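The values are calculated or read from the model by the stated rules, or taken from the named source; none is laboratory data. Since the model is a prediction, treat every value here as computed from it, not as a measurement. Note that each Cβ is placed from the backbone with ideal geometry, even for glycine, and that neighbours are counted across all protein chains shown.
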């Protein structure tokens, strides 16, 4: 007998190409069957008319709640956005990864996997009142200490995060990225690179990134946008994509533009991964959460299967966790149930441009480790 069966939903699994109405069963924390007439279950949840996807993964969040000014409650945001895995994008550094682990990651119901910040203190001053980039002082970047802590928490750490740009690294320029890449190379893990206003330039950052590294805030507005004034992708962007660099949205408070996105989509160069960059400021808009961010791409005309892929299979691959982001019999028992509703929805980017949308993805619930969790309306 199964522990749980989701019945009657439209199952969308980009990894397998499955798109059909089917039941999904779970037992012993794993997916036990997919199909019709799956037999008895201790609990059955009717999800007819809803979408059933692999557990959604938000590749860019900040959930060191209570330990940093930027952090939000991981279980609250996971319930709101129907996520089963939150990737924390470098909120904690070598100085406070142990606290992040003990006080937030381990108690959380949702899976939290962190990028370790290359800066010793992590993101320590991020609020509406105080904003100091953690890479401004190069003395905070110690490659050996970063490597040591990443190895100490190797069961959790999925890569090295570094923030560069006028706001994040200031006088340190591009140097923090070079340090982060060197540490990541020792670990065999990716770098996630944040880029805000120049300097450094988009070209300087992209030519350093290796296959498997991640450029977040990839569809940011001018300056350092990936497109020129006519909306055409720049040459260094094309070369980086050909090289295997992942392009991640990382919406946030200042890093996503409809204008940029239209140019990239028109050129057939959509994002590899779609993430919210939800934090203590962006949670109140314009990002809000992963489902709002995904909905924007649905309303911009991106294929629904590809939107789901960008929040399941591809982010799992980007953090070298191919066990996640898939609905496979015998695989991890995670799934997300969302509703694609019709209506009139006002979406806003970071430049205060409005998009009149006709659809929205809304959370119904999740399955984590084979157990059902109600969504925000539960």
Name the residues in region 304-325 that are surrounded by fewer than 21 Cβ atoms within 10 Å (Cβ to Cβ) and in contact (Cβ under 8 Å) with a residue 60 or more places away in the chain, would you? 304, 305, 306, 320, 321
The helices (runs of 4 or more DSSP H) lying entirely within region 71-163 that contain at least 3 residues which are touching a helix residue (DSSP H, G or I) at 6+ places or on another chain (Cβ under 8 Å) and surrounded by fewer than 20 Cβ atoms within 10 Å (Cβ to Cβ) are 143-152
Would you mind finding the one in 224, 197 that is more than 19 Å from residue 296 (Cα to Cα) and surrounded by fewer than 17 Cβ atoms within 10 Å (Cβ to Cβ)? 197
Answer yes or no as to whether residue 245 is within 20 Å of residue 134 (Cβ to Cβ) and at pLDDT 95 or above. no
Residue pairs within 6 Å by beta carbon, gap of at least six or interchain, first lying in region 106-135 and farther than 20 Å from residue 188 by Cα and not assigned by TED's automatic domain parsing to the domain that holds residue 84, second at pLDDT below 95 and loosely packed, with under 15 Cβ neighbours inside 10 Å, listed first then second, are none
Looking only at residues in region 233-282 that are crowded, with 19+ Cβ neighbours inside 10 Å and in a helix (DSSP H, G or I), which one is nearest to the chain's Cα centre (by Cα)? 282
Criterion first (crowded, with 24+ Cβ neighbours inside 10 Å, touching a strand residue (DSSP E or B) at 6+ places or on another chain (Cβ under 7 Å), closer than 14 Å to residue 208 by Cβ and touching a residue at least 40 places away in the same chain (Cβ under 8 Å)) does residue 179 satisfy it? no
